[in-house]
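See below for the structure under consideration.
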Amino acid sequence: MAALDFSEGMLKYAETKNKNKFESKVIILNQDVLNNELQSNYYDFVTCAFGLKTFNEKQLKMLAFQTNRILKLNGKISFIEVSEPRNKVLKVLYQFYLKKVIPILGKAFLGNPIEYKMLWEYTNKFKNSKKAMEIFKKEGFELKYNSYFYGCATGFNGMKTE
Ligand SMILES: C[S@@+](CC[C@H](N)C(=O)[O-])C[C@H]1O[C@@H](n2cnc3c(N)ncnc32)[C@H](O)[C@@H]1O
């Protein structure tokens, strides 16, 4: 099992989690997912939480390509991302939470609010996972769209068919 990120800070958290929860069995790699060295047609499952929203269309295509490349045929995927709910009242409340509350919590617990300040900006631009799912479908995946908490998070799951 392997996990990758290209942020030194996030990799430190991953190492701690790996030790505490997975007996350090996960191979943690400092790599760019869009240009990674993972073995082709090797993995049974690929999952990614909250990694879609900062990618533009070209990067999403590369992500879909790389995901397809490393998975075995019929291998499964599951992606989830923070999204903009369609209900207007919920959207205002959620915007307040992401824009104001999360940066304060980020500063209080992690001492660095900069990334968290961008959370709503990214979410607002990203909207939901539909476009990303269509890009993945074109890359040879059969997928089902998922919406969580009235659209506050969306994602897709399914398998590699080509
Ligand atoms: C919002 S964080 C989510 C981290 C983790 N999945 C979690 O749920 O705690 C998004 C992560 O994606 C990483 N990331 C963004 N672009 C990347 C890329 N091209 N290659 C590897 N990691 C990337 C960032 O460094 C960041 O740690």
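The values are calculated or read from the model by the stated rules, or taken from the named source; none is laboratory data. The structure presented is a predicted model; accordingly, all values stated were derived computationally and were not measured. All Cβ positions, glycine included, derive from the backbone under ideal geometry; neighbour counts span all protein chains shown.
Could you figure out which of (1) within 11 Å of the ligand (Cβ to nearest atom); (2) among the polar types (S, T, N, Q); (3) surrounded by fewer than 12 Cβ atoms within 10 Å (Cβ to Cβ); (4) within 14 Å of the chain's Cα centre (by Cα) isn't true of Asn56?
(1)
Matching residues to (1) polar (S, T, N, Q); (2) modelled with pLDDT under 95; (3) within 26 Å of Ser147 (Cβ to Cβ):
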{"position": "Leu4", "(1), (2), (3)": "no, no, no"}
{"position": "Lys17", "(1), (2), (3)": "no, no, no"}
{"position": "Ser24", "(1), (2), (3)": "yes, no, no"}
{"position": "Met62", "(1), (2), (3)": "no, no, yes"}
{"position": "Arg69", "(1), (2), (3)": "no, no, no"}
{"position": "Lys88", "(1), (2), (3)": "no, no, yes"}
{"position": "Lys99", "(1), (2), (3)": "no, yes, yes"}
{"position": "Leu105", "(1), (2), (3)": "no, yes, yes"}
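Here are some conditions: (1) in the same structural domain as Gly75 (by TED's automatic domain parsing); (2) surrounded by 11 or more Cβ atoms within 10 Å (Cβ to Cβ); (3) in a loop (DSSP other than H, G, I, E, B). Gln39 meets all but one. Which one does it not meet?
(2)
Could you tell me whether Ser78 is outside any helix (DSSP H, G or I), exposed (fewer than 13 other Cβ atoms within 10 Å of the Cβ), at negative phi and hydroxyl-bearing (Ser, Thr, Tyr)?
No, not satisfied.
Here is a list: Phe45, Phe65, Phe50, Phe22. Which entry is touching a strand residue (DSSP E or B) at 6+ places or on another chain (Cβ under 7 Å) and more than 9 Å from the ligand (Cβ to nearest atom)?
Phe45
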